[in-house]
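Asker: Before I ask anything, let me first share the structure, which is written out below as structure tokens.
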Amino acid sequence: MLESTVFKVDSPRFVIVLGQGRSGSTLILRLLNGVPGVRISGENLRAFDHLRHFADNYRQADRHRHSNFYKLAWAAPCNHEQILGYLRQMVIAMHGPGDLIGFKEIRYGRESYEEFAADLDWLRGLLPGVRFVLNTRDTESCIHSEWWAKDPAASRILLDRVYDNFRRYYRRNPDCCYWMPYARLRHTDSVLRGMFDFLGLNWQARYEAPLDVVMRV
């Protein structure tokens with residue numbers, strides 16, 4: 001029978017790395033993917049929003065099932081928890097194989113805090129046990145990068161909003177979130193090594209090799 005509320009015992013753990021943009025999320029991706037059994041994918045333009053919309057549409061259709069005729073006309077293939085279970089299986093199959101799988105994205109947190117929190121709460125419902133790595137960088141450093149430099153004033157507002165949303169969610173959900181600032185992505189740093197512990201990974205010095213390669217400012 002389909003497990004619709006929790007991971008199966010042999011299911012991989014899932015992590016989502018959320019960055020502000022030019023904050024080190026790609027470096028974190030490389031650091032984690034250097035660990036055997038870890039497979040973290042890149043950005044997906046918030047493709048998971050479409051999964052949420054898909055599931056929500058089926059759920060909202062319940063309001064049309066108010067008589068025997070409409071229960072037939074709007075008959076669902078299965079219940080909401082089963083739909084989430086099928087979506088969960090698809091996501092795991094797409095991102096696996098691996099002991100720890102997931103993706104990174106820089107497009108969360110630009111909306112209001114309420115919308116941001118609802119997005120992450122939905123992901124937690126889809127992927128029970130998911131961990132979030134919240135990757136930040138000080139605003140003044142970010143706005144000097146190519147990505148943000150075109151309109152520093154607008155960039156500063158957006159970066160501050162993302163930072164504040166990340167911080168607020170982290171403070172309210174420390175059990176599933178890890179705070180990983182760009183400034184602590186350094187050799188032997190305790191916060192960097194703590195990220196590995198948070199994700200259930202046994203740290204080894206060789207995993208820090210990507211720190212020696214500068215790919216982009």
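Asker: With the condition kept exactly as written, say whether any residue in the range 57-70 is within 21 Å of the chain's Cα centre (by Cα), outside any loop (DSSP other than H, G, I, E, B) and either surrounded by 14 or more Cβ atoms within 10 Å (Cβ to Cβ) or modelled with pLDDT of 95 or more (or both).
Answerer: No, there is no match, as no residue in the range 57-70 is within 21 Å of the chain's Cα centre (by Cα), outside any loop (DSSP other than H, G, I, E, B) and either surrounded by 14 or more Cβ atoms within 10 Å (Cβ to Cβ) or modelled with pLDDT of 95 or more (or both).
Asker: Still on this model: Could you list, in sequence order, all residues of the range 124-178 that are part of a helix (DSSP H, G or I) and of a type in the set (A, V, I, L, M, F, W, C)?
Answerer: Within the range 124-178, L126, C142, A153, A154, I157, L158, L159, V162, F166 meet the criteria.
Asker: Name, by its number, the condition in (1) free of Cβ contacts under 8 Å to residues at least 60 places away in the same chain; (2) exposed (fewer than 14 other Cβ atoms within 10 Å of the Cβ) that does not hold for E111.
Answerer: (2)
Asker: Any residue at all in the range 131-147 that's of a type outside the set (A, V, I, L, M, F, W, C), surrounded by fewer than 16 Cβ atoms within 10 Å (Cβ to Cβ), more than 25 Å from I40 (Cβ to Cβ) and at pLDDT 95 or above?
Answerer: No; the residues of the range 131-147 include none that is of a type outside the set (A, V, I, L, M, F, W, C), surrounded by fewer than 16 Cβ atoms within 10 Å (Cβ to Cβ), more than 25 Å from I40 (Cβ to Cβ) and at pLDDT 95 or above.
Asker: Quickly run through the range 20-56 and pick out the residues that are in a helix (DSSP H, G or I) and among the polar types (S, T, N, Q).
Answerer: S25, T26, N33
Asker: Right, next: Would you pick out the residues in the range 193-217 that are free of Cβ contacts under 8 Å to residues at least 60 places away in the same chain, surrounded by 14 or more Cβ atoms within 10 Å (Cβ to Cβ), part of a helix (DSSP H, G or I) and of a type outside the set (K, R)?
Answerer: Of everything in the range 193-217, just one residue is free of Cβ contacts under 8 Å to residues at least 60 places away in the same chain, surrounded by 14 or more Cβ atoms within 10 Å (Cβ to Cβ), part of a helix (DSSP H, G or I) and of a type outside the set (K, R), namely G194.
The values are calculated or read from the model by the stated rules, or taken from the named source; none is laboratory data. What you see is a predicted model; the values in this text were computed from it and never measured. Every residue, glycine among them, receives a Cβ derived from its backbone with ideal geometry; neighbour counts consider all protein chains shown.
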